[in-house]
Structures are given as structure tokens and as C-alpha cells.
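Read through the structure below, which is laid out as C-alpha cells, and then see the notes.
Where a number appears in this text, it was derived from the coordinates with a stated rule and is not lab data. Note that the structure is a prediction, hence the values are computed from the model and not measured. With ideal geometry, Cβ positions are generated from the backbone for all residues, glycine too; neighbour counts draw on all protein chains shown.
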Amino acid sequence: MHDDYSDLRPSPIAGSWYSANPTKLRMSIEKFLSDATPPDITGEIIALIVPHAGHVYSGLTAAHAFRLVENKTYERVIVVSPSHQYYHQPILTSGHQAYKTPLGVIPIDQAGVEVVNQGLMKIADTKLAQVRHDQEHSIEIELPFLQVALSKPFSLVPIMLRDQSAPLAQVLGLALADLAKADSTLLIASTDLSHFYTESVANRLDKSILGALEAFSLRKLYNLASSGEGQACGLGAMAAVMWAALELGADKITVVDYRTSAYVTHDKSSVVGYAAAVIMKTT
């Protein structure tokens, strides 16, 4: 359906962060989804929060969120992530026509990107900077899950944040909400939690972040990050998606899985925290 796109973003992570073989990749994701056991939820799903490590490390945790949208249909998916590479612009998107994974091509919703751009310029006199051949993994790592879980093809709005401050997150969230009101849209925040602490310390730091999430408290999230009592590399991505979800009527966040890299590596001396959560409208 989407194979007529010629300007494809080349994948920098297929074959390392996940399998480059389409059959093996699909099978691995189907296994993650079948192994995931999220709790029953009630309400309309507005957004997901998912980790972005290599599939072997965080794939099962991510699958707990993606399992909740399995066989659903969305016209558009917005994925907001941190930028792990340095750019001088505060907020970025792809300059390509589409993303390519081993499972196929996902077109970028250029009209949707422009709606977000206009919203940012109107509210805060800032705009999305287009980048090409980026090395960012934290958007792409989610795409094969979406390609397997969702029942129909979708378009993508990819957004990467270098500036993860609360003011920019709020402005972006309002712009995303305006876009999401127009069509059937799933919002995704891509973030890992604490990095390279012992598992006991990681559990404490991550529990604080997850508590703030389930309290739906943006203030607590930023206070934890500024005080060093909690960590999330995609703090701004989470905050922007939470702002958007609030504008769209969401009123509940449920954490559906948490574990650390020690679950796979069995090394508790230095771990990364991973969590999956769902943001819902229950009333």
C-alpha cells in the first residue's frame, strides 16, 4: 500500500536493536504480545507510554501496552521521543517521506506534522526542525510493534525533543491535542526510566516516577527529575503526551508493566528501568 514512497528514512538499528529478518521480527513481536499479561482496563485508550531499549531488553514490557491496542485501528499514530543525538533546534521531526522497517513502510503524515508546526508557531513562536538520516532509535523501536499489533496501516507523526522542559512540553501537548481531535489518533510517549544504578536504587527511583504517573501529576514528575529522586530520559515526551491526553479528556493512567534490564541480563549491579503505561478516558 505504501511502497510508492521513494524518500525513505534508512533504519540505523534493524539488525542490532531488533531482527532485520521480517519473518523473525514478526515472530518475535507476536511472542512478546502473546506473553504480555496486562491487567484488564476500562475506558477509552488515548495514549501509551512505552520503553525504547532493544527489543530483547524492553520488548516484553512494551508489549504489555501494545497488547491493549492489538487489533485496533488508528488513522494516525503520534510518537514523541527524546533526542539522544545533539541538535541545536529544540524540537525535531523527520525530513523524509516515510520510515522503513523490515515489516514495511510507514508514511509520515505531512499534513499532520504541519498542523503541529502551526500550533507551535502560534502558541510559542517555535517550530519543528526537519532532520534527515537521523540516528534516533526511540521512535523507530516502537514501529514494528505497531505494524504487528494494529489491524490496518497508519500514518506517523514523529517528534523528537532535545528541549524537554515543562513549558515546551505543555505547548507541544496542546498542539498535539488539536491534531488528535481531527482523526482517529493514538499518542505514544517513548521513554526509559533510571539508568545504570543498582536494581534496588533503580526500583526506588522508578517507583517514584510511576507513582507520579498514576497520580497524573506533571508537577511531581518534573519535581522528581529536578531533585534527582526520579529519572526518565523521555520526561518531556511523557509530559507532552500527558498534556495532550488531558486536553482530550483523559483522566487515568495505569502502569501495566515494570521491570529492569536485570530481568534479561541477571546483572543487578547496573540496570535500566522500563515501564509501560496506558492513559485512558474513563468518564
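Hey, can you tell me all the residues within region 132-177 that are on the phi > 0 side of the Ramachandran plot and buried (at least 21 other Cβ atoms within 10 Å of the Cβ)? Within region 132-177, none qualify.
Conditions (1) under 16 Å from the mean Cα position of the chain (by Cα); (2) closer than 22 Å to Ser151 by Cα; (3) not hydrophobic (A, V, I, L, M, F, W, C), marked per residue:
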{"residue": "Ser11", "(1), (2), (3)": "no, no, yes"}
{"residue": "Ala14", "(1), (2), (3)": "no, no, no"}
{"residue": "Asn21", "(1), (2), (3)": "no, yes, yes"}
{"residue": "Lys31", "(1), (2), (3)": "no, yes, yes"}
{"residue": "Thr37", "(1), (2), (3)": "no, yes, yes"}
{"residue": "Thr42", "(1), (2), (3)": "no, yes, yes"}
{"residue": "Ser58", "(1), (2), (3)": "yes, no, yes"}
{"residue": "Ala65", "(1), (2), (3)": "yes, yes, no"}
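Selection of helices (runs of 4 or more DSSP H) fully inside region 78-193 by the criterion of at least 1 residues being in contact with a helix residue (DSSP H, G or I) (Cβ under 6 Å, 6 or more places away or on another chain) returns 110-124, 143-149, 166-180. Applying the criterion of being within 13 Å of the chain's Cα centre (by Cα) and hydrophobic (A, V, I, L, M, F, W, C) to the residues of region 47-56, the residue that is nearest to Ser19 (Cα to Cα) is Ala53. Scanning region 11-24 for any residue that is surrounded by 15 or more Cβ atoms within 10 Å (Cβ to Cβ), β-branched (Val, Ile, Thr) and either more than 24 Å from Met238 (Cα to Cα) or out of contact with any strand residue (DSSP E or B) (no Cβ under 9 Å at 6 or more places or on another chain) (or both) turns up at least one such residue.
Could you please give the count of residues in region 37-52 that are surrounded by 15 or more Cβ atoms within 10 Å (Cβ to Cβ) and in a loop (DSSP other than H, G, I, E, B)?
Summing the residues that are surrounded by 15 or more Cβ atoms within 10 Å (Cβ to Cβ) and in a loop (DSSP other than H, G, I, E, B) in region 37-52 gives 4.
Counting only helices (runs of 4 or more DSSP H) wholly contained in region 195-283, the ones carrying 2 or more residues that are charged (D, E, K, R) occupy 199-214, 218-227. For residues that are farther than 21 Å from Ser138 by Cα and either crowded, with 23+ Cβ neighbours inside 10 Å or charged (D, E, K, R) (or both), tally how many sit in region 188-211. Residues in region 188-211 being farther than 21 Å from Ser138 by Cα and either crowded, with 23+ Cβ neighbours inside 10 Å or charged (D, E, K, R) (or both): 3 in total.
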